[in-house]
1. Relative contact order of the chain, please, whole-number percent, based on alpha carbon pairs below 8 angstrom and at least 6 residues apart.
2. Please report the orientation-averaged projected area of the stretch 161-260, defined via the convex hull of its C-alpha atoms, in nm².
3. What order do you get for 358, 353 when you list them from fewest to most C-beta neighbours inside 10 Å?
4. Can you tell me the order of 327-333, 150-156, 59-65 when each peptide is scored by its average per-residue count of other Cβ atoms within 10 angstrom, highest first?
5. Restricting things to alpha carbons, tell me how big the stretch 1-154 is in terms of Rg and Dmax, in Å.
6. Quick one: Cα convex hull volume of the stretch 100-163, Å³ per residue?
7. Indicate the gyration tensor shape class of the stretch 204-289 (rounded, prolate or oblate), computed on the Cα atoms with a ≥ b ≥ c the square roots of the eigenvalues: a/c under 1.5 is rounded; otherwise a/b larger than b/c is prolate and the rest oblate.
8. Taking just the alpha-carbon atoms of the stretch 126-180, what radius of gyration and Dmax come out, in angstrom?
Ligand SMILES: *Cc1c(COP(=O)(O)O)cnc(C)c1O
Ligand SMILES: [Zn+2]
């Protein structure tokens with residue numbers, strides 16, 4: 001497969017053999033891959049069954065912790081039938097394992113021995129776990145307020161934890177400095193992370209009998225799941241496997257609405273604390289790309305209150321499904337979307353459940 005890294009701002013191009021996570025002009029990079037015929041490796045019960053579409057030169061640096069192929073359950077929320085994509089049943093407890101698995105395999109392939117990453121928790125845990133599996137040294141920068149359960153998990157994998165006082169954006173500034181000298185295994189900047197999150201789209205397509213759903217409701221902070229879903233379904237469209245893109249309804253916390261505000265041409269409001277800590281991102285680097293992706297599917301973005309989010313979590317718990325508060329946003333958004341007529345009764349709607357409730361510690 002011939003891949004190249006392409007600058008999002010000016011179209012500068014680089015070989016995928018270069019150790020780059022950012023364009024030389026400072027802009028974001030995306031990965032451009034040649035899509036070929038895909039043959040699903042049906043005997044592989046992980047996301048590596050889509051190996052033909054994954055941007056690695058050889059199989060030798062691949063390592064798996066059993067990520068991907070999360071179950072797809074049919075349930076009712078209220079009276080409405082939905083599909084629950086059980087992403088929290090991933091090796092480290094969140095869908096971030098998809099991105100981390102591909103990114104760390106690529107890091108090994110590039111011969112890199114040390115990485116840094118910053119994360120409010122789940123992305124840090126995922127990178128730390130795959131770094132451990134790959135024998136790569138890893139430092140994770142975290143906001144001081146990160147829940148103790150998540151920090152414990154990251155430390156257990158052997159990563160060095162660097163706690164930064166202040167909010168999520170203070171951590172972003174601190175990592176920036178570290179990333180000047182060490183390879184940045186960023187779930188936001190590094191294009192290989194998104195090559196991994198695309199696999200959820202491939203799986204949904206396969207699990208629905210080789211068909212696209214009508215609508216996905218996706219929580220969005222930095223957009224790693226949203227953009228992955230968008231680009232993944234775009235791949236399937238390009239390969240002629242589906243006829244139309246599913247619509248993406250994004251959801252943010254009403255306490256932190258940078259993407260919601262820009263989409264709806266509203267003034268930005270300061271970030272306030274929210275129970276949905278996984279999407280508490282004040283300045284998403286890929287904001288413009290996320291908004292373009294939502295528009296590209298004829299989608300929409302909603303904002304939900306903490307109270308509704310917690311009700312969503314409680315409703316899932318009563319069904320035997322224990323997720324972290326951030327994952328409750330999709331239930332709150334489903335109710336809101338039904339109320340305002342955004343979803344029609346016959347639509348096939350996917351609710352990805354992003355993170356496990358077991359990390360609160
Ligand atoms: C990371 C994360 C999200 C949101 O993903 P983004 O890439 O920031 O949009 C949602 N839920 C959980 C549990 C997460 O860890
Ligand atoms: Zn550039």
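The numbers here are math on the coordinates, done by the rules we state, and not lab data. Worth saying up front: this structure is predicted, and the values here are computed from it rather than measured. Methodologically, a virtual Cβ is constructed for each residue, glycine included, from the backbone with ideal geometry; neighbour enumeration extends over all protein chains shown.
1. 16
2. Values: hull surface 32.8 nm².
Its average projected convex-hull area is 8.2 nm².
3. 358, 353
4. 327-333, 150-156, 59-65
5. Cα-based Rg and Dmax for the stretch 1-154 come out at 17.4, 52 Å.
6. On the way: hull volume 3.8 nm³, N = 64.
Enclosed volume per residue, from the Cα hull, is 60 Å³.
7. In terms of gyration-tensor shape, prolate.
8. Over the stretch 126-180's Cα set, Rg and Dmax evaluate to 11.3, 32 Å.
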